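Remarks on the structure that follows.
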Amino acid sequence: MRLSLDRSRALPFLTDRDALDGAVLDAHGKVLTGGTRSPEMLGWRQMLLEPDDALIESVQNVASEIRERADVLVCVGIGGSYLGAEAVNQALAPYFGADSPEVIFAGHHLSPAYHEQLLAYLEGKSVYVNVISKSGTTLEPAMAFRFLRRFLEERFDDADRRVIATTDKSSGVLRGLADEKGYRTYVVPDDVGGRFSVLTPVGLLPIAAAGHDIRSLFYGAVGAARGLTDAGADHPALAYAGDRFAFHEAGYSVELMSVMEAKLRGLGYWWQQLYGESEGKEGKGLFPVTLQYTTDLHSVGQYVQEGKRLFVESFLRLDDEKAGLTLDEEPDNPDQLNDLAGTPYGAANKAAWEGTAEAHREGDVPSWTWTLPRIDADALGEAIYTFEHAVAVSGTMLGVDPFNQPGVEAYKKKMFRLLGRD
Ligand code: PA5
């Protein structure tokens with residue numbers, strides 16, 4: 001295990017936490033053996049225990065074609081059908097001047113301006129589209145895809161070859177359309193929910209098309225899944241799940257995922273969806289919110305320190321203490337920074353994490369710190385699985401079904417009624 005969890009600022013807030021270990025191991029056992037609610041939705045673990053190398057190779061081959069032929073790949077999807085890919089691509093890409101093709105996401109909201117300007121931006125470029133929808137009926141991606149499909153058909157003789165559809169194996173409107181047009185398709189397995197699907201072709205194709213190593217990503221997760229098979233209650237995923245449950249029962253209502261490296265911002269958003277949709281039901285769950293530090297310390301930091309007491313906090317940081325540009329001495333010290341000479345950015349960032357965690361502890365905000373050894377595909381795969389397993393365990397401890405999301409339907413029904421659809 002290379003992803004580490006420091007609980008030293010969480011445990012002092014919990015009484016008799018060890019007494020919960022039996023319940024944690026019981027819930028963990030249910031995840032391992034199919035004793036959870038919706039046991040038919042545990043494919044996100046099973047697919048790692050039985051890796052399908054041929055599938056990974058097939059995705060790599062299609063991604064190579066996209067990399068050779070496309071200026072832009074537009075990935076159309078919402079929720080679990082895009083957040084994982086966006087998170088990994090953001091984490092692995094350089095900040096500036098990323099490699100081609102450009103990978104753009106669409107159909108993840110209903111902004112009129114975004115989708116209009118996207119079509120204008122694509123003009124004159126070689127475009128591929130990966131449309132991703134497990135149900136194949138979600139309005140946001142369906143609308144975006146209609147315009148993108150027409151865009152391709154009006155401009156390219158091989159339009160249908162430029163579309164890859166990732167959807168259910170047999171049902172849904174998108175499956176029917178893909179079969180009719182002869183698109184290449186990948187399947188979102190029946191036993192993997194959207195927010196658990198980043199390591200299926202849902203995430204793997206956009207990530208591979210951006211030039212990243214999906215085999216290492218996948219096998220990083222495989223290592224984490226195998227490592228959890230015989231894990232004890234002190235395994236980071238299980239300890240975290242148990243602590244979260246204990247805080248929930250003690251009346252805390254919000255968990256902040258505070259990322260200390262901007263490249264991990266997307267991973268925070270992915271975590272936010274994974275935890276919000278998996279736990280937030282039946283009047284239960286910690287409300288998950290991701291923040292980016294130190295940026296957000298200068299916005300909501302005031303509230304976290306001194307506002308209403310609601311929070312537990314997960315810091316997500318990189319082991320990068322020695323990294324980055326280092327301050328040196330300047331003659332005459334015009335900016336008054338010479339007292340910090342010898343300080344690299346990484347050391348300043350580490351001090352910001354430690355100082356914030358300590359200040360928040362004094363402000364009655366318990367925290368964990370997750371430390372990634374580095375950002376690469378393998379480490380991200382490990383982190384992804386660790387968080388997936390933890391939420392399956394904590395949701396099971398709460399007694400909810402971590403794999404459904406009935407509440408998401410409510411807005412859709414009202415929206416469709418307003419649009420005049422039955
Ligand atoms: O986790 C989930 O299941 C959801 O967030 C879905 O991913 C999201 O609603 C998109 O659904 P679909 O892929 O069916 O379009």
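The values are calculated or read from the model by the stated rules, or taken from the named source; none is laboratory data. The structure presented is a predicted model; accordingly, all values stated were derived computationally and were not measured. Please note: Cβ atoms are built from the backbone with ideal geometry, for glycine as well, and neighbour counts cover all protein chains shown. Side chains are part of the model used for accessible areas, which takes the heavy atoms of the whole protein and leaves out ligands, DNA and RNA. Shrake-Rupley method; radii C 1.70, N 1.55, O 1.52, S 1.80 Å.
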Review point. Can you name the residue in region 136-157 that is open to solvent by 60 Å² or more (accessible area, probe 1.4 Å) and away from the ligand (no atom under 16 Å from the Cβ) and is also farthest from Leu419 (Cα to Cα) among such residues?
Key: Asp157
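I'm checking my understanding of the structure. Among residues of region 393-422 that are among the aromatic types (Phe, Trp, Tyr) and open to solvent by less than 40 Å² (accessible area, probe 1.4 Å), which one is nearest to the ligand (Cβ to nearest atom)?
At the first step, the residues of region 393-422 found to be among the aromatic types (Phe, Trp, Tyr) are 403, 411, 416.
Next, from what is left, pick out any that are open to solvent by less than 40 Å² (accessible area, probe 1.4 Å): 403, 416.
Details: Phe403: 9, Phe416: 15 Å.
The qualifying residue nearest to the ligand (Cβ to nearest atom) is Phe403.
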Point to revise | Residues located in region 73-89, provided they are part of a strand (DSSP E or B) and either farther than 16 Å from Glu140 by Cβ or more than 10 Å from the ligand (Cβ to nearest atom) (or both) | key: Leu73, Val74, Cys75
Exercise for review: Go through the residues of region 164-174 one by one and say whether even a single one is at pLDDT 95 or above, open to solvent by 10 Å² or more (accessible area, probe 1.4 Å) and more than 16 Å from the ligand (Cβ to nearest atom).
Suggested key: no
Review point. Filtering region 189-203 down to residues that are within 17 Å of Ser38 (Cβ to Cβ) and either outside any loop (DSSP other than H, G, I, E, B) or free of Cβ contacts under 8 Å to residues at least 60 places away in the same chain (or both), which residue is farthest from the ligand (Cβ to nearest atom)?
Key: Phe196
Review point. List the pairs whose first member sits in region 48-63 and is over 17 Å from Thr185 (Cβ atoms), whose second member is open to solvent by less than 70 Å² (accessible area, probe 1.4 Å) and outside any helix (DSSP H, G or I), and whose Cβ atoms are under 8 Å apart, counting only residues at least 6 apart or on separate chains?
Key: Leu48/Leu199
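Table: residues versus (1) touching a helix residue (DSSP H, G or I) at 6+ places or on another chain (Cβ under 6 Å); (2) assigned to a loop (DSSP other than H, G, I, E, B).
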{"position": "Gly22", "(1), (2)": "no, no"}
{"position": "His28", "(1), (2)": "yes, no"}
{"position": "Glu65", "(1), (2)": "no, no"}
{"position": "Phe96", "(1), (2)": "no, yes"}
Review point. Here are some conditions: (1) under 24 Å from Asp52 (Cβ atoms); (2) more than 15 Å from the ligand (Cβ to nearest atom). Asp160 meets all but one. Which one does it not meet?
Key: (1)
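Table: residues versus (1) buried (at least 24 other Cβ atoms within 10 Å of the Cβ); (2) farther than 26 Å from Gln292 by Cα; (3) at pLDDT below 95; (4) of a type outside the set (Phe, Trp, Tyr).
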position: Ala231; (1), (2), (3), (4): no, yes, no, yes
position: Pro236; (1), (2), (3), (4): no, no, no, yes
position: Tyr240; (1), (2), (3), (4): yes, no, no, no
position: Tyr252; (1), (2), (3), (4): no, no, no, no
position: Leu256; (1), (2), (3), (4): yes, no, no, yes
position: Glu261; (1), (2), (3), (4): no, no, no, yes
position: Gly266; (1), (2), (3), (4): no, no, no, yes
Practice item. Would you confirm whether any residue within region 354-371 is under 30 Å from Asp213 (Cβ atoms), free of Cβ contacts under 8 Å to residues at least 40 places away in the same chain, open to solvent by 50 Å² or more (accessible area, probe 1.4 Å) and among the acidic types (Asp, Glu)? Key: no
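Out of region 325-348, which residues are in a helix (DSSP H, G or I) and either in contact with a Leu (Cβ under 6 Å, 6 or more places away or on another chain) or open to solvent by less than 40 Å² (accessible area, probe 1.4 Å) (or both)? It would help to see each step written out before you state the result.
Taking region 325-348 first, the residues in a helix (DSSP H, G or I) are 338-340, 345-348.
Matches in region 325-348: Asn338, Leu340, Tyr345, Gly346, Ala347.
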